[in-house]
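Worksheet: the structure to be examined is printed underneath.
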Amino acid sequence: MNDTQPSSQSSRRTDAVQRLADMFLSARHTRQPIEQTPPDLVPPDRDAAYAVQDAVVTALTPELGPIGGWKVGAQTVTAEPFCSPIHQATIYGDNVTVPAEMFAHPGVEAEIAYRFGHALSPRDLPYTEGEVLGAIASAHAAIEIYDTRFAKPHSQDWLAHLADQGSHGAMMIGPAVTSWQSLVPVEQDVVEIINGETVFSHKGGNSAGDTRRLLVWLANEASRRGYGIAAGAVVISGSTTGTTFVGSKSNITVRFPGFSEVSAFLA
């Protein structure tokens, strides 16, 4: 009896992962949001949430393309970071027009992004800070569009939202800044403008603090999960403004004065 119990538990966990992934995929394809996560499908830990992410990534790759980037963040300056892979089809450039109907609950977040110039492939040996930062080619102002497959934002267990691709909708990346090494994110001014109105103007604002620790953690977490970070991948490193929910016909500009700017229009 005891010999079979771990196998049975593993089977139930795998089944729960696939069932929740199927719910997310159905919500995406039918545009019918999930009202509530069934209690038995709420991920019990981060590994289970990441397993759901992986199942969704695999299923969506034929229609949204390969992994083109990552999102990473942390709730405090000492908390363990969290992450999600991002499909290439949800990554846009500057001054782009995106149909608002792509999103159920579009929310604007101002972030700093980093583009990797060469790959950090999966390996057993942990990546050092020097290796990770040395692989970065440029930094960028970025807009992440928050979205969720649930009927209401922030309505579920946190791990359920993490499983839902970390509530990712899309991201827009501004022009490259190759002299990014002088950037100090915790001291960087940020301005968020929506429809001509400045809704945020302050210094810093990322709950994770120094983004360098996030990037090093992500390199090793992506390696552990068998993905690595591809050459050309873009990593957004956490909101500096929180989330501002918007509707259609929204002009959005995120400005990091003296560093970079990016704009987008939700049609």
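A short reminder: the numbers here are calculations on the coordinates, not readings from a lab. Quick caveat: nothing in here was measured; it's all calculated off a predicted structure. Counting neighbours? That spans all protein chains shown, and the Cβs are built from the backbone with ideal geometry, glycine included.
Things to note:
- Where a residue in region 97-119 is basic (Lys, Arg) and its partner, wherever it lies, is assigned to a loop (DSSP other than H, G, I, E, B), with Cβ under 8 Å and at least six apart: Arg115/Ala176; Arg115/Gly232; Arg115/Ala233
- Residue in region 55-70 that is within 29 Å of Val177 (Cβ to Cβ), in contact with a helix residue (DSSP H, G or I) (Cβ under 7 Å, 6 or more places away or on another chain) and of a type in the set (Phe, Trp, Tyr) present: yes
- One residue stands out in region 22-49 among those that are hydroxyl-bearing (Ser, Thr, Tyr) and out of contact with any helix residue (DSSP H, G or I) (no Cβ under 8 Å at 6 or more places or on another chain): the one that is surrounded by the fewest Cβ atoms within 10 Å (Cβ to Cβ), namely Thr30.
- Here Ala160 fits the description: buried (at least 20 other Cβ atoms within 10 Å of the Cβ), outside any loop (DSSP other than H, G, I, E, B) and either among the aromatic types (Phe, Trp, Tyr) or in contact with a strand residue (DSSP E or B) (Cβ under 9 Å, 6 or more places away or on another chain) (or both).
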